[in-house]
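A quick write-up on the structure given underneath.
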Amino acid sequence: MSSSGKYQVYVTRSDMPQCGIELLKKQCDLKVWEQASPCPRQELLKHVAGANGIYCSLTDKIDKELLDAAGAGLKVVATISVGHDHIDVQECKKRGIRIGYTPDVLTDATAELTLALLLSTSRRLPEAQNEARTGGWVSWAPTWMTGPGLAGATVGIVGFGRIGQAVARRVKSFNTAKIIYFNRSARPEAEEVGAIKVTFDEILTQSDFVICCCALVPETKEIFNKTAFEKMKRTAIFVNTSRGGTVDQDALIEALQNNTIRAAGLDVTTPEPLPLDSPLFKLKNCIVLPHIGSASIEARNTMSELTAQNILAALNDTKMPAELK
Ligand code: DGY
């Protein structure tokens, strides 16, 4: 607690959506990293000292060293993300530190972006716009700028949680022939869209579009590797809106360069930001977005409010609206 008798919360960047920050201000003393960019590690270690709560994002590594730096008064870490691979969950649990995250509230935004990326990649929108702007548009042409449609296609979704299911519902409305999914356990929700559970290999060999929506955990680290890309159809389109770590990026670059697969649409990469000299930026058959899956105004505001509510609930020893168990 601070000298004012209020809990101290550290906010790791200055541009968190204000609605959540305002909620916290009413009850807590806030210290905020003054820049709209990730707080450098050494600064973060210094600034979290004495905090009872940390409001962080996926760019902040919350590990043993950081928890030690915060000290024994730390009760809660709340991240403005559904992904929590940046948090050492076991270490937090060991110390009785509660973890807040933001499931559900970004599902629609992320599913929308996944569809946007899928269509932009298959119908080559950035390439087409560039042609129109730079004089490549000489006349309407029957085979120019063509790409595969979703109607009649088989779509494979890896990870059939909230976001995978929301993607499936949207994809179905494009008159796809078949939706298949790969998930640890069968999901009853699949029935609603007629999605069929298959093996990972079946996803690879049968899908015209392969969409990665799974969390990054040890079992999914680089599941999309050289062998996986080689099993895909040569006409397949790969889309990733989960985490860059699910992909062996060198293998993907090779697959795109050699036309082992047709194209890829990536909202996530390794590392982030992706260095400007990455071969991915040079490939016409690859679209790279800067991790904007949840970046609808509504989703980001709700995520910020939920992050604040998680912190307040944990500090008051009550039920958190979204606690990572
Ligand atoms: C998440 O929440 O994990 C997304 O990747 C960013 O919003």
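The values are calculated or read from the model by the stated rules, or taken from the named source; none is laboratory data. Source: prediction; values computed, not measured. Quick reminder, even Gly has a Cβ in these numbers, built from the backbone with ideal geometry, and neighbours come from all protein chains shown.
Checking each residue in region 286-307 for being among the hydroxyl-bearing types (Ser, Thr, Tyr) and either crowded, with 22+ Cβ neighbours inside 10 Å or closer than 14 Å to Ala116 by Cβ (or both) picks out Ser294, Ser296, Ser304, Thr307. Of all residue pairs spaced 6 or more apart or on separate chains, those with beta-carbon atoms under 9 Å, a first member in region 74-90 that is among the small types (Gly, Ala, Ser) and a second member that is part of a loop (DSSP other than H, G, I, E, B) and more than 12 Å from the ligand (Cβ to nearest atom) are Ala78/Met320.
Do the conditions hold for Glu323, that is, is it within 22 Å of the chain's Cα centre (by Cα), of a type outside the set (S, T, N, Q) and assigned by TED's automatic domain parsing to the domain that holds Lys26? It is false that Glu323 is within 22 Å of the chain's Cα centre (by Cα), of a type outside the set (S, T, N, Q) and assigned by TED's automatic domain parsing to the domain that holds Lys26. Scanning region 227-247 for residues that are in a strand (DSSP E or B) and away from the ligand (no atom under 16 Å from the Cβ), we see that the one that is surrounded by the most Cβ atoms within 10 Å (Cβ to Cβ) is Phe238. From the residues in region 74-110 that are part of a helix (DSSP H, G or I) and in contact with a Lys or Arg (Cβ under 6 Å, 6 or more places away or on another chain), which one is farthest from the ligand (Cβ to nearest atom)? The extreme case among them is Glu91. Residue selection: Leu118 satisfies the criterion of being at pLDDT 95 or above, more than 16 Å from the ligand (Cβ to nearest atom) and touching a strand residue (DSSP E or B) at 6+ places or on another chain (Cβ under 8 Å). Counting only strands (runs of 3 or more DSSP E) that fall entirely inside region 1-59 and contain at least 3 residues that are surrounded by fewer than 19 Cβ atoms within 10 Å (Cβ to Cβ) and not small (Gly, Ala, Ser), the qualifying elements are 28-32. With respect to (1) within 12 Å of the ligand (Cβ to nearest atom); (2) surrounded by 21 or more Cβ atoms within 10 Å (Cβ to Cβ), the lone exception for Ala314 is condition (1).
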